[in-house]
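Accompanying notes for the structure given below.
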Amino acid sequence: PTTRSYEFELRKENLSPDGFERTVWTVNGQYPGPLIQANKGDRIVFKVTNNFGEPATIHSHGIFQRGTNWYDGVPGQTQCPIPDKKSFTYNYTLTQSGTYWYHSHFLAQYVDGLVGPLIVHDSEDYYFNNCDEEYVLTISDWYHDPTSVLLPLRMAPGYTGLNPVPDSILISGAGQYNCSSPAAGSNCNSNVTPATYNVQKGKKYRFRIINTSAYAFFFFTIDNHSLKVIEVDGVSVKDTDSSIVNVLPIHCAQRYSVVVNCDQPIANYFIRAVIPDQCVPRPNNTINYNSSLTNGTGILHYDGADSNKPTSTPYSFDLPPCEDLNADAIRPYEDSKPPVDVTDEFVFNVTFAPDDKNVSTFRINNSSFVAVFNNPSNQRILETGGFSDFEVSQNAYGYDHSEGCVQIILLNSLRTDHPFHLHGHAFWLIASGPGIDPKNLSTFNLENPVIRDTAVVPPQGHLVIRYLADNPGVWAFHCHIEWHVELGMVAQLIERPTEFSKETLPDDVKELCVEYNNSVNKKR
Ligand code: C2O
Ligand code: CU
């Protein structure tokens, strides 16, 4: 194993990813941030120096952080925020392989730009060396206003409307805004080069696709090319007829690796990321796109093709919007059965209701999560040895069985879908479907369920997951639509606090809280 060190300077830059210039929260001036790439077993050390002019943290999405809960990057749960002008070093070992990403977990900061890919290779993986080459491809919704403008609108008293509407779709950080629109202003460039992937006819390519969006669910396609799914959220999947798809549905924070066989005539082909207009239940599951269908494109360029724009035609999106890829397509490569017996079960009711200031907030079991930045949950547990002193608004759920298996039944009474993510674990996806009556859930699959770390709960539907309580610490469980996070759709799972409280908090993590509290007191 190797130690891989990175220096991340967080700073704002004026960039024009889709042609429209705005301030972007970058890592080392880049958007998306630099690629972190390593082998399974390696240690990752990245020193973050914060020059944003506001606090920040970085979460490595999907990484288990075994024994390093305090480097999970969740302010108020696993660490204090890194104050402006201060540095903090994340340091953890990779026990997994696959496609991951890192992003700010401080307020909605990642939507302003702080995202980047994190790829872990494993020479023992079935699909290692299965392809001639590989590419990392991020897709994202993109907004011209910073979240410091968007978020207060979304959280205004009395507001019950929609999420902010994205201005563009970016593929690997490049988009094409229509500069003739009145909102474009004079500082707009219509000629941003689309993300272009050079391929050679006859070769096979692994594309690692990461959805880094604030809210968008996408249908991802490459014209004329089918996609063989080989990995979902870090888990290799079985090679079967059903693992070959034309249309890949991908929600916020989810990742897929697909193999693209470049066996088509030498030409240019569109790569497309399309947001269906809405993701609400409809009669007979019909898809009802409106005219403002949001469409992002990149280009698959065969060696020898001219440089003209592709003329290829899209696949039709004949799938229900805002649902996960069907389970048959993504069976884990290695058979793995969840435990039949559950030691701890939580039923989480997700609802939406105004609070005492008439702000419409999301609730889990009628409580809207509020982070306490200066007093992270895991430090409280390390100091007190328990978790009994948590406020209701902390949405803390504890379980203290070693060898435990936790079951979460998520009941979504809302008319929209939510991509739920569990920190510190991958889970077996036992059931999902319509209906929120806990006595009337869809059939549990305990034989060969999908394993992943982010899964969609359907509108007015349920999601049932199981995971092993094998990782003591404080783990966030939340919807990954960032506007919903800020409106409270978050719980924290306090895993084996008795055992966790015996661990020793590193000095730098303690010191960070001192620095954070000083910085807050100075401002008063
Ligand atoms: Cu990708 Cu809690 O986050
Ligand atoms: Cu949500």
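FYI, it's all coordinate maths here, none of it is from the lab. Small disclaimer: the values here were computed from a predicted structure and weren't measured. Please note: Cβ atoms are built from the backbone with ideal geometry, for glycine as well, and neighbour counts cover all protein chains shown.
Taking the DSSP bridge list for region 35-172 and keeping only pairs wholly inside it, about 80 percent are antiparallel.
The calculated FRET efficiency for the pair Asn440 and Asp318, based on their C-beta separation and a Förster distance of 30 Å, comes to about 0.55.
Given R₀ = 56 Å, FRET efficiency for Ile244-Lys523 by Cβ-Cβ distance, to 0.05? With a Förster radius of 56 Å, E is 0.50. Rounded to the nearest 5, what % of DSSP beta bridges with both residues in the chain are antiparallel? Of all bridge pairs located within the chain, approximately 75 percent are antiparallel.
Can you say what percent of the DSSP beta bridges in region 127-332, counting only those with both residues inside, are antiparallel? Round to 5.
In region 127-332, DSSP labels about 75 percent of beta bridges as antiparallel.
One chain, two ends: Asn91 and Asn358. Fully extended at 0.36 nm per residue, the span grows by 91.9 nm beyond their Cα-Cα distance. Using r as the Cβ-Cβ distance of Asn163 and Ser186, and R0 as 22 Å, what FRET efficiency do you calculate, to the nearest 0.05? Rounded to the nearest 0.05, the efficiency is 0.15. Around the Cα centre of region 1-124, unit charges on the Cβ atoms of Lys, Arg, Asp and Glu (plus for the first two, minus for the last two) sum to a dipole of about 320 debye. When only the Cβ of Lys, Arg, Asp and Glu is charged (+1, +1, -1, -1), the dipole of region 66-142 relative to its Cα centre reaches about 580 debye.
For the pairs Lys40/Lys510; Lys86/Lys357; Lys85/Lys510; Lys40/Lys238; Lys47/Lys204; Lys357/Lys522, flag any whose C-alpha to C-alpha distance is greater than 24 Å.
Result: Lys40/Lys510; Lys86/Lys357; Lys47/Lys204; Lys357/Lys522 exceed 24 Å.
Take the alpha carbon gyration tensor of region 344-507, find the square roots of its eigenvalues, order them as a ≥ b ≥ c, and report rounded if a/c is under 1.5; if not, report prolate when a/b exceeds b/c, else oblate. Cα axes put region 344-507 in the oblate bin.
Residue exposure proxy: Thr99, Thr416, Thr240, ordered by other Cβ atoms within 10 angstrom of their Cβ from fewest to most, comes out as Thr240, Thr416, Thr99. A straight chain from Asn261 to His121 at 0.36 nm per residue would run longer than the Cα-Cα distance by 48.3 nm. Mind running the shape call on the chain? Use the C-alpha gyration tensor, a ≥ b ≥ c as the square roots of the eigenvalues: rounded below 1.5 for a/c, prolate if a/b tops b/c, oblate otherwise. It comes out rounded by the Cα gyration axes. Protection proxy ranking of 432-438, 303-309, 231-237, by the mean of other Cβ atoms within 10 Å over each peptide's residues and highest first, is 231-237, 432-438, 303-309.
Given axes a ≥ b ≥ c from the Cα gyration tensor, I'd like to know whether region 127-332 is rounded (a/c under 1.5), prolate (a/b larger than b/c) or oblate. Mind showing how you got there, number by number?
Values: a/c = 1.91, a/b = 1.31, b/c = 1.46.
Oblate.
Peptides 146-156, 220-230, 479-489 ranked from most to least packed by the mean count of surrounding Cβ atoms within 10 Å: 479-489, 220-230, 146-156.
Quickly estimate the mean residue ellipticity at 222 nm for the chain, helices only: each DSSP H run with n ≥ 4 gives -39500 (n - 2.57), and the total goes over all residues, rounded to 500. Provide the component values of the computation, followed by the final result.
Values: 5 runs with 42 residues, N = 524.
Value at 222 nm, helices only, nearest 500: -2000 deg cm²/dmol.
About the centre of its Cα atoms, the chain shows a dipole size close to 780 debye [charges on the beta carbon of Lys, Arg (+1) and Asp, Glu (-1) only; nearest 20 debye].
Normalised by the number of residues in region 127-332, the average gap of Cα pairs under 8 Å and 6 or more apart makes the relative contact order 25 percent.
Using a cutoff of 8 angstrom between alpha carbon atoms and counting only pairs six or more residues apart, the relative contact order for the chain works out to 15 percent.
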